[in-house]
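Working notes, beginning with the structure itself.
The values are calculated or read from the model by the stated rules, or taken from the named source; none is laboratory data. Given the structure is predicted, the values throughout are model-derived calculations rather than measurements. Here the Cβ positions follow ideal geometry from the backbone for every residue, glycine too, while neighbour counts run over all protein chains shown.
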Amino acid sequence: MMSGPALSFVIPLYHSAQTIRGVVHDIEGLAIDGGHEIILVNDGSGDATGDVCRALVREARVPITLIEHARNFGEHNAVLTGWRHARGAHVVNLDDDGQNPPAEAVRMWRHAKETGLDVVFGHYEVKQHSMWRNFGSWFTNRMTDWALDKPPGFYLSSFRCVSAFVARQVVSYAGPFPYIDGLLLQVTQRIGSIAVRHEARRAGTSTYTLQRLVRLWLSAWINFSVLPLRFATLVGLVIAATGVLALGGVAWLWWNDSGPTYGWGWLMAALLIFSGTQLVLLGLIGEYVGRMFLAVNQRPQSVVREVVRGNYPPEAGI
């Protein structure tokens, strides 16, 4: 492979027909020493995203690659697919809705080059997401302080610039439930962040549902940490100790022939509390076992149906 451009823009797409054209045009107009390319990953969109992207490939003024997933695999899976096809010395990934200005991505790239950092995250000065989405991002960052090996309070976001070295290490992960920030923290500690603008969506509404957010939380906590299992053990010990103390209290009341009359209602209430707690903890352990099962059975991280390239020079060697 011949040497690639200085910067690759990787954009995962899902129902992006109304917004992606403007994002690509903004990237095309950037002046970047060493050149740049665009990698579009259509993650099983059900609208006209694929047709719009094919038109962009034909019209593009910079090298552009369209990758079609066979079905929807999720944002992080799509980003890893894009990183596998990126040729740049640095790779920046941004959203498909125009909320991550490409000019801010260039600032992140320059900061990474000047400081020698492997990863630079964009820290939003003012977020333009909905209230529940902002809460979800805040909650994810607080929980990753606990579950991942990162500086406490360090802000993680999906707007990030990484070196090609780190990208190559991360894409070697083949599990079906990737969490990119967890993978990055396993590879390098040369991370930093800069404040960036966050703009309003250009059209449409967010497709990031609560279900997707919960799936992301599970990938962050279960794939990269055993702390939830340790928490389950701690909860079990606390409940067991509480049960022993309660048994001692009941024995003391019986010995002194005092206290209220204990009947079926009290017994069933205690049984429901303890049984419910046991089922929750078993479900947590089962989530670990289930993910191990899917990994052992080689559930695919993604399936590429088609790759379309446009405006690459013959000497690009791709």
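Total residues in segment 15-38 satisfying the condition of being part of a helix (DSSP H, G or I) and of a type in the set (A, V, I, L, M): the figure is 4. Would you confirm whether or not segment 140-152 contains a residue that is outside any helix (DSSP H, G or I), modelled with pLDDT of 90 or more and surrounded by 15 or more Cβ atoms within 10 Å (Cβ to Cβ)? No, there is no match, as no residue in segment 140-152 is outside any helix (DSSP H, G or I), modelled with pLDDT of 90 or more and surrounded by 15 or more Cβ atoms within 10 Å (Cβ to Cβ). Residues of segment 64-82 that are over 13 Å from the mean Cα position of the chain (by Cα) and either farther than 17 Å from Gly35 by Cα or at pLDDT below 95 (or both): Leu66, Ile67, Glu68, His69, Ala70, Arg71, Asn72, Thr81, Gly82. Criterion applied to Tyr288, Tyr262 was being surrounded by 12 or more Cβ atoms within 10 Å (Cβ to Cβ) and at pLDDT below 70, and the one residue passing it is Tyr262.
Quick grid of which residues meet (1) β-branched (Val, Ile, Thr); (2) at pLDDT below 75; (3) loosely packed, with under 12 Cβ neighbours inside 10 Å; (4) over 34 Å from the mean Cα position of the chain (by Cα):
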| position | (1), (2), (3), (4) |
| --- | --- |
| Asn223 | no, yes, no, no |
| Ala246 | no, yes, yes, yes |
| Trp254 | no, yes, yes, yes |
| Ser258 | no, yes, yes, yes |
| Ser275 | no, yes, yes, no |
| Gln278 | no, no, no, no |
| Gly310 | no, no, no, no |
| Pro314 | no, yes, yes, yes |
| Gly317 | no, yes, yes, no |
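Within segment 1-52, restricting attention to residues that are farther than 24 Å from Gly74 by Cβ and among the aliphatic types (A, V, I, L, M), the residue that is modelled with the lowest pLDDT is Met1.
Checked against the criterion of being in the same structural domain as Ser157 (by TED's automatic domain parsing), part of a helix (DSSP H, G or I) and crowded, with 20+ Cβ neighbours inside 10 Å, segment 39-49 has at least one qualifying residue.
Within segment 58-78, the residues that satisfy the criterion of being over 26 Å from Val170 (Cβ atoms) and either aliphatic (A, V, I, L, M) or not in a loop (DSSP other than H, G, I, E, B) (or both) are Arg58, Glu59, Ala60.
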